[in-house]
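S.K.: Sharing a structure below in structure tokens format, with a few things to ask.
What follows draws every value from the coordinates through simple rules; no lab data is involved. Quick caveat, the model's predicted, so the values are computed rather than measured. Cβ coordinates were reconstructed from backbone atoms using ideal geometry, including for glycine residues, and neighbour counts include every protein chain displayed.
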Amino acid sequence: MSERDNKRKRINSGMQTDPIENVSKNMASNNINKESENSNTNYTNAESHTAQILQAIAGIQETVNNINSKIDNNSSRLDALHKDIHDPLGGIEQRLQCLSDESNYTGEIIAQLQKQNKDFSYEMGVMKGNVINDRGNVFIGRATNVSTYGETREAVRQILRKPDIITATHNSYAYSFTDIHGKQHQGYDDDGEFGAGSKLLKLLKDNKHDNVLVVVSRYAGDKLGPQRFNHLATAGNAAVTSL
């Protein structure tokens, strides 16, 4: 068999392979693989870019919403300003009406307080005790019923406002009252006559006088020493017992 025949036989049997053809096939396969890898990379990059775009759109939408909200707020303020500008008298009249109502309410309260004060002054019975004279000294006791701190303060004020009393050298007083809860309250004021107030409070305690205020005015003359306390107690007791 000739060399030519052998070659044909190998070709026909598929045993003969062409080196150039094999190289071409390998290159084609490599190109396909590279194209597939590039395609996958491009797809991943596209997904990433899409996500970034969507995120940017969401940020823009949020900014737009914020701007719209501010526009709405500013519109409300502009409407209120526009109303004030075009209807100034309406706003002023409303404020004046409020002030007028408050003034009337305050006036009513003051009138009520004045009436209460007047009624209390009218109802408050101040009893005057015997007048004691000794060496140019004059002692005068006055007493009235009280049951609260408010009544006590008002009674002291009403008594001491009288011209003939306020001009006294000393106006010592003491009080004792029991409140609605059964608690007893007591106190005194010397008004510069040291020991005079406590002497009057002892008088109330010893004689079990309650719900009472006693005031003793002294118009000073010559010095009396301890005797002044006896005159003080006598004048105070005379006023209290006359209630």
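S.K.: Just add up the charged neighbours of Ala238: K/R +1, D/E -1, any other residue whose Cβ is under 13 Å from the Cβ of Ala238.
M.R.: After counting each charged neighbour, the total is +2.
S.K.: Sorted by packing (mean other beta-carbon atoms within 10 Å per residue), highest first, where do 194-204, 229-239, 148-158 land?
M.R.: 229-239, 194-204, 148-158
S.K.: Given the Cα-Cα distance of Thr234 and Thr167 and 0.36 nm per residue of separation, how much length would full extension add, in nm?
M.R.: 22.0 nm
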